[in-house]
Each structure stands twice: as structure tokens, then as C-alpha cells.
Amino acid sequence: MASTEFGEEGDSRGGMWVLEQRIDQPMDEEAEKLKNMYREKKFSTLLLLRLAYQSLGVVYGDLGTSPLYVFYNTFPHGIDNQEDVIGALSLIIYSLTLVPLVKYVLIVLRANDNGQGGTLALYSLLCRHANIRTIPNQHRTDEELTTYSRSTIREKSFAAKTKRWLEEQPYIKDIILILALVGTCMVIGDGILTPAISVLSAVGGIKVNHADLSNEVVVLVAVVILVGLFSMQHYGTDRVGWLFAPIVLLWFLLIGGIGIFNICKYDSSILKAFSPVYIYRYLKRGGKDGWTSLGGILLSITGTEALFADLAHFPVSSVQIAFTLLVFPCLLLAYSGQAAYLMHNLDHSNDAFYRSIPDKIYWPVFVVATAAAIVASQATISATFSIIKQANAHGCFPRIKVVHTSKKFLGQIYIPDINWILMILCIAVTAGFKNQSQIGNAYGTAVVLVMLVTTLLMILIMILVWRCHWILVVVFTGLSLIVECTYFSAVLFKVDQGGWAPLAIAGAFLLIMYVWHYGTVKRYEFEMHSKVSMAWILGLGPSLGLVRVPGIGLVYTELASGVPHIFSHFITNLPAIHSVVVFVCVKYLPVYTVPEDERFLVKRIGPKNFHMFRCVARYGYKDLHKKDEDFEKKLFHNLFVFVKLESMMEGCSDSDDYSLYEQQTERSREGLLLNNNAITSSTNMDPTFSSLDSIVSVTSPSQLNATVRSSGHVSNQTEVDEVEFLNSCRDAGVVHILGNTVVRASRDSRFYKKIAVDYIYAFLRKICRENSVIFNVPHESLLNVGQVFYV
């Protein structure tokens, strides 16, 4: 029986033997907690309210501080007519209702990938429902993971047709990936621009009472605050959230209360802005100037994209509760209060927020506003960390250090390198522009592009994942694109007035991500095409044509199947190899996490006396390959258990055994993994043919022992002998063999390919973290094997 993808090795002792063992067992308590951590039903009401409160300090700071600068960026040259104030307020009200409330909180947040948000989480969700991944390293066993949630699609449905179209067009896969990367890069741009505009706007309020204060002093104070903010990130989201949540709660209560005060004091007729008629009158009367002012209105919904990207830090329900019960009503009151004040003070648009504050509470509000601006920055910084971790797991970002800052929630992370890069770029933007209006133009460009990307990906989510009726898809797409394309057309007029900044930043990060992904794909393709045939391995004999020295050699490879070319390169240049060879593949799947008890897949390569194995360690994009000895211990534990199970299965001759084909049919029919054994043999098959994996997923040694005792068909002596042999080899020493593959552009390549591969990719490989650091390999046990290939 041949395998389509995973495994080209078999045991040729009188034929090829395939062993597959599944143990139907309850998950242990830790795995169960991990599996259900982000499922809403597992959160108590009290915990949800607590998380909703805490989410204020991480998710809503950006959206909440928009009142500081919206009217200034909407009317940078002053206001001529009271009707313009009503029209602008009407636009703000309906923008807040349609985009953050309806689109994101009610719809897009439901498209989370088991609690993970952001454009790459949407991409992962799509990858599980259609074969659109550009790195084809998946196997059918990956789909059996408990976290690999995927709904079935009826054959003749519109979703099935869409799926086939996506899978049959190679360029579509690249387009979807680039879309996801563009959205990711724009969120990174937000992480740079949000701190700049929020802190600068808040600190600028001091000039209301001290008009003689120079702009340079304001910028200097803003820079000092930004340095302090980025220096606090290593404490983690959990601690920062508890520190910032009371500040944001107080901020929303203050702006809501001041809004009510101003509506009652100045002009309650401003509430007629809830009629959309005033939007039409505003745009008709303003002409081109009215249309370009939409770039300022757009800033009222900035932070919405961070709301979705920050979802990994909190469950969906808590984010929805916080927005609907507190954030949304307080924002409406704040903007309405400022508009009521402007109705009688048309010349105060440049600092409408601070001038509308009652004199007695001006300084307390100024302090809270500055603190809230710092919190606003935290929202996009946290979102940037989350989305870069996802990009790294998808093979779209160089290897970097990722620190998990919370034992409760694995989504709360800190990335030191990115943190300092963001700080430098943020300070450069703050000191370079020195003008809220220009930073606002740049900010609006980044925000609207993220929203457009989210809409385009949501179309596919609604078709493939939710399988919505086409009318609902059209309505959602139409409303979203009308609003977002309108804003996009407005910010295009301001590209030369600061709007170029996020495009330049995003362009640089997009280049890095795409070049890294291109290099990763080419390296994987090279490994696939140059892997060693099983016939060649068998021809070498049990000694592999070398001296087998005591010890275990762990050969790290990106291949989940086949013997890598680096192994043949190794044994043709060295006279000896270890008594036991284990090919280790660490791969990331398009899932948020892989439970510990399902992480390792083990199989044997070749006959028993070759002592060669494969171990595949699978991770989700939220998981962290921890820097400790657990990985090696767990690897050997699973290896020993596999040997015991294999020996047990060799003595089985029970008539109730399922064939491999029957197992697969039964599993697909009943939708679960059966606790049975499968042995398939073929006596007349060429040993170069591929075989399905000999895989075992084990978590409980006690269950294993119980199964062994109940079998009665176990070759105990063989089992003990090989386990003792493996233990003795392990005691003799473990050597980690890593491949150092250098990618070069071929001589006939075009100049841009040579620049991308020979310079950009080579530079990124040089500065990124080594695999030996990621895997925590001790230097005294490390052996690097180099090779060069041309693309």
C-alpha cells in the first residue's frame, strides 16, 4: 500500500510492514484545560466580566483615545458652518456603528481561529478548509488533531466549487498569502503610528493653558513617555493590562460624563446628527474638501483593527461585552459633547477636546488623557507581537525570540527584537513629523488598508467556513466595501501629506516577509526533490556502509517524510555514524495549538537492525518551542513507547484486527479514532515504494502497559532488548546534527532575484536566531553540516 505524501520508508523483512496504533483515551487534565481554554462555555460569568474589564487596558485604548484628535484632523483649517459640525458628527456616529460594532464586534470576531485574531488567523482558517498553503508539509494525520477544526463541504455546493477553484489556481494561493501579509504589515504600521499620534496629541493638550510652550518641548516629552512605554513591555500583557485597565475605565467614564455635560450646557440639538440626512448634506456642501475630510473622520474608528488582532489575549465574549456596554456608548457621548461645544466655538477645532473640558477638572483629565494615550499605544504593540508570532509560525518571518509572559493565557507574548524596532521607528515618526495632521494622514492610510484586507479574506471565510447564503455574502461585502472604499479614496488625496509613511513601513516589512517565505519554500522544495531513496539506504546494509559508533544522532530536517539529502551528504564525507539515528522534523501547522499528547509522531525507517527512526514534532502558531530539556525527554519517551507498541503488535494475530483501509473508512464514517490495531503486509513489493507511516501517539504509559498485558501476543524479549539498546545508546551520548543550507540564486537568474536571494535573504538568515538556539542544543553536542543549492 503506497502513501501519497508522508513516508517513503518501510521495513523490508519479508515484505513491508505498516503499523498504526491509536489509543482511545481521555485527555489528561492539563491537555483538557489547554484544549478548552478559549472556548466560551468554559468561562464563568465572573471571569468573563473580569476579562472584559482587563481587555479595556489592552484592546480598547487605541479606539478610546481617538476623541483627542478626530475633529482636529477633520477640520485642520477651521470650521465655516455649524452644519459641518453636525454632518461630521453624523459621519462619526455611523462609522462607529457600521465598522467597529456591526462589522467587527458582531461579525468578524466570530471568525476567530479558536480565540486567535488578525489577518493571519483568518489565513490559517482558510488553509484548513482549502489546500492553499504554499509549503506542502502537511499529512493526513494532521487533520486528526483535536484542534484541527474543519467542517465538511458538500460536493456540489458553491463552497466546494470555490474550494476547487482556489486549489487549482497556483497564483491564487500567492495572492491570498500576499493579502494576509499586507494586512499584517499594516498592523505593524499601526504599532508604530498609534503611539506617535496618541501620546503627541495627549501631551499637546498642555499648550492650551501654556500657549508659550514650544512644540519641541512637547515632542521631547512625548518621546520620553514612548521610551518608558516600550521599556515596560517585558513585564507582559497580564501585568500591563491590570495596570492600564483602571486608567481606561476612568477615561471612558470621564469622556462620557464630559460629553453629557457639554450636550446639556451647549446645544442638545446636536443629537439630530443621528439622522443620516446630514451626511448627504455635508458631502454635497463640502465638495472635494468635504470628501478629503473623511480622512479625519476615519480616525474615529482607528483601533478597530487592533481590536481583532489583540483577540488572542482575551476571549471573544469579554471583548464584545466591554465594547457594547461601555466603549461604544461612551464614545458616542464624547463625540456628541465635543460637537455641541464646537457649535458655539467654531474656531476651536484644533484643540476641541481640551477646550471642551470644564475648567475645574482640566488638569485631572489631562493626566488621565496622557495615561490613556499610553494605553492606546499598548493595544497596537500587543497586536503587533501577536501577529508577528503568527507570521513566524507560517514561515513568513525570520526566527526571533518569543517570550510567553503569562502561564494562564499562551497568547500573551513579548518579542524583544520587535519591541525595540517599534520604539526606534515610533520615535523617528514622532520627531520627524512633529505634526498631528501628518501623522493622522499616515495613520488613516494604514487603518483603511487593514480593513480592506480583512473584508476580502472574510468573503472567503463566509463562503468556505461558514457556508453562508450568497445574499448574506453580497450584503456584507457590499456594505463593507462601500464604507471602506469611500474612506480609502479620501486618504489617497493625502498620500503626499504623510500618507506615504505607513506605505513605506509596510513595504519594507512586506519585502522582508515575502523574501523570507520565498527562501523557506525553495529550501523545502530542494529538500523534497533531493531526498534519498529507500533503495539506496537499504543497499548500504545495517551498518550504512560505515562504522556505527555508540550514541544517538538526532538529524534535524524540515522534511516530514523521506530521508533528507543532508544525511547522504553526511555519511559520504564522514567514516562513522551513530548506532541509532533519529530524523527530527519540527513543523508548524495552521492551527492555534497542538495538545501535548498529540504533538509527537514516531515511525521506523527501514528494517529493525538499521535502528533508524523518524520523529515529527508538531506545533501551532500559538505554541512556543520551549528552551528546556523537556523536548528531548519527550522525544525519547515517545520513541521508547513506539518500540514497545511495535513489539507488541508483531505478536498480534487477532481476527478482529482492522485493515488499514477499513480503519480509515471506519474513522471517516464514525468521525472518531478507533482503539484498534492495524497491520498491513506486502511480500512482493519493491522496497523503493513508499509506505504509510508507522505512527504512534502516546500520552499515558499506564494505559500502554494495560494494553500490553491484555494482548498476550507480545515479543517481550525483542522489546526489552531494543529498549535496553536505545537506553544504552542514549547514555553513550546524544549528538544534534543540524543542516546549514545556503541558498544562492543561479547564474542565469534575473537581477531582482539575485538581490532578493543573495543579499536580502542571506542577510536575514545571518541576523536571525540559529536553529540550535531555537532547539536549545548545547554547543558541545552540536554538529553543523553545510550544503549549498541554487534556485
With a cut-off of 8 Å between alpha carbons and a minimum separation of six or more residues, what is the relative contact order of region 39-519 in percent?
34 percent
Going by a ≥ b ≥ c, the root eigenvalues of the Cα gyration tensor, does region 443-491 fall in the rounded group (a/c under 1.5), the prolate group (a/b larger than b/c) or the oblate group?
oblate
Within region 407-483, DSSP-loop trypsin sites (Lys or Arg not before Pro) with at most 12 other C-beta atoms within 10 Å are Lys407, Lys408
Rounded to the nearest 0.05, what FRET efficiency do Arg285 and Asp212 give with R0 = 25 Å and r taken as the Cβ-Cβ distance? Could you check?
0.10
Estimated vicinal HN-Hα couplings, Hz - region 639-649 in sequence order (Karplus 6.51, -1.76, 1.60; Gly, Pro = x):
5, 5, 5, 4, 4, 5, 5, 5, 5, 4, 6
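Protein chains only, probe 1.4 Å: how do Glu527, Glu724, Glu780, Glu596 rank by accessible area, largest first?
Glu780, Glu724, Glu596, Glu527
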Kindly state, to the nearest 0.05, the FRET efficiency for Glu83 paired with Tyr235, given R0 = 60 Å and r defined as their beta-carbon distance.
0.80
In what sequence, highest mean first, do 440-448, 102-110, 738-746, 390-398 appear when ranked by Cβ atoms within 10 angstrom?
440-448, 390-398, 102-110, 738-746
Violating pairs (Cα-Cα greater than 19 angstrom) within the set Lys522/Lys622; Lys587/Lys622; Lys603/Lys634; Lys401/Lys603; Lys401/Lys587; Lys531/Lys603
Lys522/Lys622; Lys401/Lys603
Probe 1.4 Å, accessible area per residue of region 39-519, Å²:
36 Å²
Probe 1.4 Å, all chains present, heavy atoms only: Trp251 accessible area in Å², nearest 10, is 0 Å²
Other-chain or far-sequence residues with amide H under 5 Å of Gly57's (modelled H):
Ala245
In whole angstrom, how far apart do the alpha carbon centroids of region 58-96 and region 551-578 sit?
63 Å
Order Thr184, Thr405, most accessible first, counting only protein heavy atoms with a 1.4 angstrom probe.
Thr405, Thr184
For the table Lys494/Lys753; Lys608/Lys644; Lys288/Lys494, the rows whose alpha-carbon distance is greater than 22 Å are Lys494/Lys753
Where does each of 222-228, 303-309, 472-478 land if you order them by average Cβ count within 10 Å, highest first?
303-309, 222-228, 472-478
If a paramagnetic tag sat 7 Å from the Cα of Glu780 along the Cα-Cβ line, which residues of region 542-575 would have the backbone N under 12 Å from that point?
none
Just how much of Val549 is accessible, in Å², when a 1.4 Å probe is used and the result is rounded to the nearest 10?
50 Å²
Give the long-range amide H neighbours of Phe613: residues separated by 5 or more places, or on another chain, with amide H under 5 Å away, using H modelled in the peptide plane at 1.01 Å from N.
Val581, Val582, Phe583, Ile605
Please work out how much accessible surface Phe526 shows to a 1.4 Å probe, ignoring ligands, DNA and RNA, in Å² rounded to 10.
50 Å²
From phi via Karplus (6.51, -1.76, 1.60), per-residue ³J(HN,Hα) for region 174-186 in Hz, x at Gly/Pro:
5, 5, 5, 4, 5, 4, 4, 5, 4, x, 4, 5, 5
Return the carbon/sulfur percentage of the accessible area of region 39-519, one whole number, probe 1.4 Å, all protein chains in place.
65 percent
How high is the FRET efficiency from Ser749 to Glu770, r the C-beta distance, R0 25 Å, rounded to 0.05?
0.40
Ordering of 82-92, 495-505 by packing [mean C-beta count within 10 Å, highest first]:
82-92, 495-505
Shape call, region 726-770: gyration tensor on alpha carbons, a/c limit 1.5
prolate
Would you kindly state how much longer the chain becomes between Ile172 and Leu479 on full extension, computed as 0.36 nm times their sequence separation minus their alpha carbon distance, in nm to one decimal?
108.1 nm
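The values are calculated or read from the model by the stated rules, or taken from the named source; none is laboratory data. Computed from a prediction, not measured in an experiment: that's the story for all the values here. Quick reminder, even Gly has a Cβ in these numbers, built from the backbone with ideal geometry, and neighbours come from all protein chains shown. Accessible surface areas use protein heavy atoms only, side chains included; no ligands, DNA or RNA. Shrake-Rupley method; radii C 1.70, N 1.55, O 1.52, S 1.80 Å.
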